[in-house]
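A.B. asks: To start, I am sharing the structure in question, which I have written as structure tokens.
The values are calculated or read from the model by the stated rules, or taken from the named source; none is laboratory data. Given the structure is predicted, the values throughout are model-derived calculations rather than measurements. All Cβ positions, even for glycine, are placed from backbone atoms using ideal geometry, and neighbour counts span all protein chains on display. Heavy atoms of the whole protein, side chains included, go into the accessibility calculation; ligands, DNA and RNA do not. Shrake-Rupley method; radii C 1.70, N 1.55, O 1.52, S 1.80 Å.
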Amino acid sequence: MKIQRTETPGPRPGWLILFVALAIVLITVWYRESDTGPLHRVQSGVQVVVAPIEAGGELLTRPVRGLFAWAGDLGVSRSQLEELRKQNQSLRVRVAELEEARLENERLRALVDLPKARELQSVAAHVIGRPTNSWDGVIVIDRGSTQGIGVGMPVIGPQGLLGQTVAVAAGSAKVRLITDQRSGVAALVQRTRAEGIVRGSIDGRMTLDFVEMDARVKKGDVVITSGIGGIYPKGLPIGEVSEARREANALYQEIRVQPASNPARLEEVLVIVGEPATVVPQGGE
Amino acid sequence: MKRAIPAIASIFVATLLQAGLAPYMSIGGVTPNFLLLVVVTLALTTGPTEGAVAGFVAGLLFDMLGTGPLGPMALVLSATGYFAGLLHEQMFAEGWLLPITVLAIAALSAEVAYGLLLGLLGEGAPFWQSFFTKMLPAAVYNTALALLVYPWLARFLRHERPMKTFRRLA
């Protein structure tokens, strides 16, 4: 009597080798092709399909997120309230000073007949998607190429610069945040005009790199875009210096920057359109 | 073909969850990876070849959802699916400790491999910074989710097969 073979078939490493080879080919082609190459187009096509799902997720989870935000705000202590009152008072004084400066500026401009500063054209958009994985600092907005949005356009939130569009489909676009490790923005410290590059990191913290040791930078200094590189217009707030250190024998200062905009709670953004820009895949400007 | 339907359905649902729900389950910048959970569960319940196929497809979908290069997660999940599938014969229908341990190891290995691969491609970040802020927390998060998801998913994906080897009866 013939005994039947009852063991399940053993592992076939040929399949693994095939898929590993295929993945390597895909990676190579993706890097070698241009932004309009077939693999990039497929990725954009997937974005078109996925955008409504992301928008659905945003809509469905909004009440739960609102509840969490409300619960989080309940924890504001008495000392924090006192601090906010003080901050409010000093900001009122500052607003009055700035209003005075604005009026003076207007008078001087009229006097010397300076051309009006460049007006920034913008398109408002809703945030419909957040990063789908831990490694990607990207949000999705509900405006795309049909609304005049292109790749490489700066995106701002209510408090300042957020990032840059990196992939655009017909009705949606992906925005790489300035906190992402692949982002870099030419910046300067508003008070002292010290120049550097603001870089993101894997944990979402930002640093201001390449600031000379003799430049005066302190905690609380406002960091703005310098306009160098031509991607971001000059003067957009990026954040505030949260820590500035000078290490002995170091070439540059170690400066941490707290982002002006918190993308986690953002619901609306503005895309600055009009000027053609370029996307720098690594390191921004 | 009939056997492939639950696997295809699981990967499809995991992709929907990854795009629509995972971003809002993010804790401290760490987002769960539903596709990884499906691939490892599928590999443990069906075998290495199926694990590698599912890993490649799921990884490619994962790559397409992001803005990074196409292929790194496909490579990582193919290998993860294959190696997890090698343990398929050791899995018992009623056991949960071994599969969860395998899932935890697979989750950490996949995150580390993905981070290293991104680093190799010039897209990553310093290793130890990534390890403590992304890889390890993501592995813990995915394992915690696996505790909830694995029993149901494994039941859905498991093929009805007769016990064929002594090892499975032991």
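A.B. asks: Report the residue count in region A:202-225 for those that are modelled with pLDDT under 90 and either touching a helix residue (DSSP H, G or I) at 6+ places or on another chain (Cβ under 8 Å) or of a type in the set (S, T, N, Q) (or both).
C.D. replies: Adding up the residues that qualify gives 2.
A.B. asks: Tell me, which residue of region B:66-81 that is at the interface with chain A (Cβ under 7 Å from one of its Cβ atoms) and open to solvent by less than 10 Å² (accessible area, probe 1.4 Å) is nearest to residue B:157 (Cα to Cα)?
C.D. replies: Applying the filter and picking the extreme gives B:78.
A.B. asks: From the list A:175, A:168, A:222, which one is over 27 Å from residue B:126 (Cα atoms) and within 14 Å of chain B (Cβ to nearest Cβ)?
C.D. replies: Criteria check complete, one pass: A:168.
A.B. asks: May I pose another question? For region B:90-100, indicate whether the set of residues that are buried (at least 19 other Cβ atoms within 10 Å of the Cβ) and at the interface with another protein chain (Cβ under 9 Å from one of its Cβ atoms) is non-empty.
C.D. replies: no
A.B. asks: Can you pull out the residues in region A:238-249 that are open to solvent by less than 50 Å² (accessible area, probe 1.4 Å) and either in contact with a Phe, Trp or Tyr (Cβ under 9 Å, 6 or more places away or on another chain) or under 16 Å from residue A:260 (Cα atoms) (or both)?
C.D. replies: Filtering region A:238-249 for residues open to solvent by less than 50 Å² (accessible area, probe 1.4 Å) gives A:238-239, A:241-242, A:244.
Selection gives A:238, A:239, A:241, A:242.
A.B. asks: Give the residues of region B:106-133 that are surrounded by fewer than 16 Cβ atoms within 10 Å (Cβ to Cβ) and either in contact with a His (Cβ under 6 Å, 6 or more places away or on another chain) or more than 8 Å from chain A (Cβ to nearest Cβ) (or both), sorted by residue number.
C.D. replies: Passing the criteria: B:119, B:120, B:127, B:128, B:132.
A.B. asks: If you scan region A:33-72, which residues turn out to be at pLDDT 85 or above and basic (Lys, Arg)?
C.D. replies: A:41
A.B. asks: Here is a further query. Residue pairs, Cβ under 8 Å, 6 or more apart or interchain, first in region A:14-27 and under 17 Å from residue A:39 (Cα atoms) and more than 7 Å from every other protein chain (Cβ to nearest Cβ), second among the hydrophobic types (A, V, I, L, M, F, W, C) and open to solvent by 80 Å² or more (accessible area, probe 1.4 Å). List them.
C.D. replies: none
A.B. asks: Quick one: in region B:11-26, which of the residues that are more than 11 Å from every other protein chain (Cβ to nearest Cβ) and open to solvent by 10 Å² or more (accessible area, probe 1.4 Å) is nearest to residue B:79 (Cα to Cα)?
C.D. replies: Among residues in region B:11-26 that are more than 11 Å from every other protein chain (Cβ to nearest Cβ) and open to solvent by 10 Å² or more (accessible area, probe 1.4 Å), the one nearest to residue B:79 (Cα to Cα) is B:11.
A.B. asks: So if I check each of B:110, B:125, which one is over 17 Å from the mean Cα position of the chain (by Cα) and of a type in the set (Gly, Ala, Ser)?
C.D. replies: Answer to the selection: B:125.
A.B. asks: Something else now. Return the residues of region B:24-47 that are over 21 Å from residue A:47 (Cα atoms) and either without any contact (Cβ under 8 Å) to a residue 40 or more places away in the chain or assigned to a strand (DSSP E or B) (or both); say none if nothing qualifies.
C.D. replies: First, pick out the residues of region B:24-47 that are over 21 Å from residue A:47 (Cα atoms): B:27-30, B:37-47.
Selection gives B:27, B:30.
A.B. asks: Same structure again: Which one of B:85, B:29 is at the interface with chain A (Cβ under 9 Å from one of its Cβ atoms), crowded, with 24+ Cβ neighbours inside 10 Å and not aromatic (Phe, Trp, Tyr)? Reasoning before the result, please.
C.D. replies: On the way: B:29 fails: crowded, with 24+ Cβ neighbours inside 10 Å.
Within the list B:85, B:29, the selection yields B:85.
A.B. asks: Next up: Inside region A:34-44, can you point out the residues that are more than 23 Å from the chain's Cα centre (by Cα) and either under 10 Å from residue B:71 (Cα atoms) or at the interface with another protein chain (Cβ under 10 Å from one of its Cβ atoms) (or both)?
C.D. replies: Scanning region A:34-44 gives A:39, A:42.
A.B. asks: Restricting region A:155-183 to residues that are in a loop (DSSP other than H, G, I, E, B) and of a type in the set (A, V, I, L, M), which is surrounded by the fewest Cβ atoms within 10 Å (Cβ to Cβ)?
C.D. replies: Going through the qualifying residues, I end up with A:170.
A.B. asks: Of the residues that sit in region A:142-154 and are surrounded by fewer than 21 Cβ atoms within 10 Å (Cβ to Cβ) and under 15 Å from the mean Cα position of the chain (by Cα), which one is nearest to residue A:226 (Cα to Cα)?
C.D. replies: Out of the qualifying residues, it is A:152.
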